[in-house]
Amino acid sequence: MAPPSPPRARERLDRGAKITVALLFGAWLIDYVDRLVINLALPSIGDEFDLSRTEQGIAVSAFFLAYAACQIPGGMLADRFGAKRVTCWALLIWSAFTALTGFAGSFAILLVVRFLFGAAEGIFPGASMKAITERTTPGQRMSANGVVQSSNAVGAVVAPLLAAPLIVHFGWRSAFFTVAGVGVFVLVAVRLWLPEPKAAPAGAGPAPTATGGARTVLRSPAMWGFAAMFFGYDIIVWGLNTWVPSYLSQDRGISLTSAGALSVIPAGAAAVAVIVGGRLADRLEGRQRLIVVPSMSVAAIALILMATAPTTSAFIAWMSVATAASSLSYMPVYAVPLRSLPPELTGAGAGLITFGGQFAGVVAPTAMGLLADAAGFGAAFGFLVLGAVLAAVLAVVTPQDSASFRRSLGLPEPPSPDAVEPVESEQHA
């Protein structure tokens, strides 16, 4: 195998790409806030419906079951109907089900509404990543995605600061009504201002296309390897997001609003780490093992120390280290596939990887709820180390660059590594 090329200088985003990043940052922010509100409301919902921790975990997992199942179809819908149109559909439908969560009158109804909410949000990630792919060059792609995905960490800050006071003063239902209204404003902004995809540069030849369609992605062991790597990463993310508020409130005796304020520290560290990870992935042109292996090794050690921390301050400190270290791996997981797939497969590819991560959202909340009921939160948080180990191992065995990745899928080589792929103009949503 040829030696890796030296890291490239960072490419700057043009105006259209910057607008795209800003709008999708807003869409992802409200997406993340909408799904995190229930974690803050779990103690109140559990009291109202008399739920065990296991049942509370099932309430969270109901969302992720549908969310994970819709990742691949959502990416295929974006490839078929256009990223902008599918993004707008998703924003409209998930905002409606966020509001309906506030009307749930029983545990059974709550499960149904959260399942449908998950289906609506599930068609969004593939569309979002396709929209960025169509509006950036390969050398800009992971930096742009890194900024957009840092919204998840920002959402982890915003959600408790916004929702906790509403839950305390007006009840848990008010938080869902409020964030649903914000989603409608984001929908209007995306509908009006998301730029059209980039046109091919003058004189550029046609980009190579895949003959097998989405089956090329779905039948690829390499793609499933990247999906499983993201599963390992998201075991950590969704385990912490689901259970830390309840742990701080119930085991440490910290009020909901104080727990929300404490979450600012690890979430802020994660936001910076996601952006840095995206820039590193662009400069290294993939080569995810150089980032994922060391970052997940640090995360595993920090998670062990967090699970055994004797004080709240030590718990938050080690959680911040674990969150920041693991977040460096977020964009590198996507880097090689999104740099390498042809435009007509970007949605399906992104959807498959995201499916792996969101399936972790099905597993982690319920598994940790069972462990917390049976052996306490120390055992539950110790479970997260398995995610770090899995991600690190898969970072070594998956393709490390675009050439080896395309060979593994049987894809033709592009005419130029930095050419802007031609795309068809989307129909307006």
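Of note:
- Lys/Arg +1, Asp/Glu -1 at C-beta; the chain dipole; positive extreme among 317, 108, 22: 22
- Top positive-direction residue, dipole computed over the chain with Cβ charges, set 402, 51, 328: 402
- Sorted by Cβ density within 10 Å, fewest first, the residues 172, 94, 89: 89, 172, 94
- For the chain, the relative contact order is 29 percent, taking Cα pairs closer than 8 Å that sit 6 or more residues apart in sequence and dividing their mean separation by the residue count.
- Once the chain from residue 313 to residue 389 is taken as fully extended at 0.36 nm per residue, the excess over their C-alpha distance is 24.8 nm.
- Computed helical MRE - 222 nm, the chain, DSSP H runs ≥ 4 contributing -39500 (n - 2.57), nearest 500: -26000 deg cm²/dmol
- This ranking places 397, 33, 385, 276 by how few other beta-carbon atoms lie within 10 Å of each, fewest first, which gives 397, 276, 385, 33.
- FRET efficiency for residue 374 and residue 264, using Cβ-Cβ distance with R0 set to 35 Å, rounded to 0.05: 0.65
- Neighbour-count order for 121, 196, 285, fewest beta carbons within 10 angstrom listed first: 196, 285, 121
- Spin-label pair residue 397-residue 103: with each label point 7 Å from Cα along the Cα-Cβ axis, the two points sit 4.8 nm from one another.
- Computed E for residue 404/residue 193 - FRET, C-beta separation, R0 35 angstrom, nearest 0.05: 0.35
- Distance in nm between pseudo-label sites at residue 15 and residue 52 (7 Å out along the Cβ direction from Cα): 6.0 nm
- Helix runs (DSSP H) in the chain reaching 18 Å along axis by Cα, Kyte-Doolittle at least 0.5: 15-49, 53-69, 83-101, 107-122, 141-170, 172-193, 221-250, 264-284, 289-307, 312-327, 343-375, 385-397
- Between the stretch 235-263 and the stretch 44-122, the Cα center-to-center distance that results, in Å: 21 Å
FYI, it's all coordinate maths here, none of it is from the lab. Source: prediction; values computed, not measured. Cβ atoms come from the backbone with ideal geometry, glycine included; neighbour counts cover every protein chain shown.
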